[in-house]
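For reference, the structure is listed below as structure tokens.
The values are calculated or read from the model by the stated rules, or taken from the named source; none is laboratory data. Values in this document were obtained by computation on a predicted structure and should not be read as measured data. Heads up, the Cβs are rebuilt from the backbone with ideal geometry, glycines too, and the neighbour counts pull from every protein chain shown.
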Amino acid sequence: MKICIVLSTRPEIIKLAPLIKILKNNNNKFFLINTNQHYINLMSKVFFDLFKIPKPKYNIKASTKTHGMFFSKAINEIEKVLYKEKPNYLIVQGDTNTALAGCLAGTMYNRKFIKNNHKISIVHIESGLRSFDEMMPEEINRKLIDNLSDILFPPTYIDVKNIKNEKLSHKKIYKVGNTISDILKMNLSKIKKNPILKKLNLKKKEYFLTTIHRPESVDNIKNLTVLLNSFEKIGEYYKKKFIFSVHPRTQKILKKLNKKNSKYINFLKPLEYLDFMKLMLDSKMIFTDSGGIQEEASIIGVPCITLRNSTERQITLTKKINIITGYNQRKILNATKKFYNKKMKKYKLFGNGDVSKKIYMKLISNFKKQ
Ligand code: UD1
Ligand code: UDP
């Protein structure tokens, strides 16, 4: 059994780390292809290092200047690797352009070998998520990836329902949870001991945490202005600072707008995983448009305000531990009030730390059946 994993972005590295660890510990044949969609150290190398992920065998330098340039180079290069390596499985995670590029390369490869034994099984981890907002590039990516993959690993029953509604029931579908629960469990004791609060001179529950990076939140200046003004207002009202981890996409816009630290907003570079998770664990509340952070907040029991018009993590809404506000200051302020003194429970909506093991076992058993 030979496995190819295509990855690059921050959430892919974090969420695939536990499965990669299992493959390594079991001496399985596997190799990584990094598209370099995320390339600065703070979005890439720091996570490879922290989780001791082996160096990718193939590094594709696909320019992210335009999506077209990225896809053409990444698909072409990944397909070449597949011809050379002939893996049995090709694994992608989530909904990024990297995941879709990997999946498309596998599909192109399979067209040629459809009549013999060299077909690669394409595996989609974190399958079935839907925001039902086709303006999000990720929504298109998710749908295409699910359609083109052979084995789907949806995290929750809601995601399974989405898959079935799209008439994809003929695929191999295994509801396993989300590997975010594995990586969090593996690192929780280190997170608790992390010294970042002291470094930033912060006190537990005396600050808010935020990070945003969706095009709708940051490339749309009107929406970004609503968000920044809301943070200032909330900061002033509660006399608490916003610690703002700035994603590279957001950094570009903030620089253009010449935004600097203010009394209630403290902009920081993208944070390393343990620092960020410690800041989240001890924050009063997290304000974000990130997907993975909505999941993490539910696991550690921190109130989450989702600064978007929709979410594909609907299960967090059913438990009332996440509120969607869109880009509306009144709604953001009301949500903050609602959550401010609320004691949150911790939920195991995404599994209990053994999701990657379940995925691994399914891959083994499917391979034996082939
Ligand atoms: C991508 C994913 C998104 C995911 C996010 C995780 C797609 C369509 N989007 O969004 O689903 O939530 O990653 O963080 O795949 N940049 C740098 N340095 C880097 C990375 C990016 O400067 O290391 C710049 C790029 O040049 C680009 C901008 O940030 O101008 C956006 O990067 P891109 O990878 O296109 O999308 P993300 O917003 O990171
Ligand atoms: N994260 C991090 N440092 C930060 C911000 C986020 O390590 O400064 C982690 C976070 O804990 C989560 C993941 O990055 O595990 C989420 O990635 P991101 O928000 O970039 O992508 P999304 O989940 O929205 O696709």
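Taking the listed residues SER310, SER356, the one that is of a type outside the set (Val, Ile, Thr), more than 16 Å from THR210 (Cα to Cα) and in contact with a Pro (Cβ under 7 Å, 6 or more places away or on another chain) is SER356, with no other qualifying. Only a single criterion out of (1) within 21 Å of TYR174 (Cα to Cα); (2) part of a strand (DSSP E or B) is not satisfied by LEU349, namely (2). Within region 58-73, the set of residues being over 20 Å from the mean Cα position of the chain (by Cα), outside any loop (DSSP other than H, G, I, E, B) and among the hydrophobic types (A, V, I, L, M, F, W, C) comprises MET69 only. Picking from residues in region 28-57 that are within 15 Å of VAL92 (Cα to Cα) and part of a strand (DSSP E or B), the one that is nearest to ligand 1 (Cβ to nearest atom) is ASN34. Taking every residue in region 235-250 that is farther than 14 Å from THR336 by Cα and pairing it with any residue that is of a type in the set (Val, Ile, Thr) and more than 14 Å from ligand 2 (Cβ to nearest atom), at least 6 positions away or on another chain, the pairs with Cβ-Cβ distances below 7 Å are PHE244/ILE265. Pairing each residue of region 50-78 that is of a type in the set (D, E, K, R) with any residue that is at pLDDT below 95 and not in a helix (DSSP H, G or I), provided the two are 6+ apart or on different chains, yields C-beta distances under 6 Å for LYS73/ALA62. Only one entry of LEU19, LEU7, LEU42, LEU23 meets the criterion of being within 16 Å of ligand 2 (Cβ to nearest atom), out of contact with any Ser or Thr (no Cβ under 7 Å at 6 or more places or on another chain) and either among the hydroxyl-bearing types (Ser, Thr, Tyr) or touching a residue at least 24 places away in the same chain (Cβ under 8 Å) (or both), and that entry is LEU42. GLN93 falls short on exactly one of the conditions (1) within 16 Å of ligand 1 (Cβ to nearest atom); (2) touching a helix residue (DSSP H, G or I) at 6+ places or on another chain (Cβ under 7 Å); (3) without any contact (Cβ under 8 Å) to a residue 40 or more places away in the chain, and that condition is (3).
The residues in region 98-157 that are modelled with pLDDT under 95, of a type in the set (D, E, K, R) and assigned to a helix (DSSP H, G or I) can be counted, and the count is 2. Put simply, of VAL92, VAL81 the only residue that is under 21 Å from PHE30 (Cβ atoms), within 21 Å of the chain's Cα centre (by Cα) and not in a loop (DSSP other than H, G, I, E, B) is VAL92. Any residue at all in region 277-289 that is of a type outside the set (A, V, I, L, M), within 12 Å of ligand 2 (Cβ to nearest atom), in contact with a strand residue (DSSP E or B) (Cβ under 6 Å, 6 or more places away or on another chain) and in a helix (DSSP H, G or I)? Checking region 277-289: not a single residue is of a type outside the set (A, V, I, L, M), within 12 Å of ligand 2 (Cβ to nearest atom), in contact with a strand residue (DSSP E or B) (Cβ under 6 Å, 6 or more places away or on another chain) and in a helix (DSSP H, G or I).
Within region 335-352, none of the residues are in contact with a Leu (Cβ under 8 Å, 6 or more places away or on another chain), within 30 Å of VAL123 (Cα to Cα) and either more than 16 Å from ligand 1 (Cβ to nearest atom) or at pLDDT below 95 (or both). Restricting attention to region 211-227, the residues that are β-branched (Val, Ile, Thr), away from ligand 1 (no atom under 14 Å from the Cβ) and touching a residue at least 12 places away in the same chain (Cβ under 8 Å) add up to 2.
The residue that is modelled with the lowest pLDDT, counting only those in region 57-97 that are of a type in the set (Val, Ile, Thr) and within 16 Å of ligand 2 (Cβ to nearest atom), is THR64.
Taking the listed residues ILE151, ILE196, the one that is closer than 29 Å to SER230 by Cβ, touching a residue at least 40 places away in the same chain (Cβ under 8 Å) and either basic (Lys, Arg) or away from ligand 1 (no atom under 16 Å from the Cβ) (or both) is ILE196, with no other qualifying. Report, by residue number, each residue of region 3-27 that is out of contact with any helix residue (DSSP H, G or I) (no Cβ under 7 Å at 6 or more places or on another chain) and outside any helix (DSSP H, G or I). Result: ASN26, ASN27.
Beta carbons closer than 6 Å, at least 6 apart along the sequence or on distinct chains, never pair a first residue in region 268-288 that is hydroxyl-bearing (Ser, Thr, Tyr) with a second that is more than 7 Å from ligand 2 (Cβ to nearest atom) and modelled with pLDDT under 95.
The single condition among (1) in contact with a helix residue (DSSP H, G or I) (Cβ under 9 Å, 6 or more places away or on another chain); (2) under 19 Å from MET285 (Cβ atoms); (3) not aliphatic (A, V, I, L, M) that GLU236 does not meet is (1). Only residues that are in a helix (DSSP H, G or I) and more than 16 Å from ligand 1 (Cβ to nearest atom) were counted in region 237-274, giving 3.
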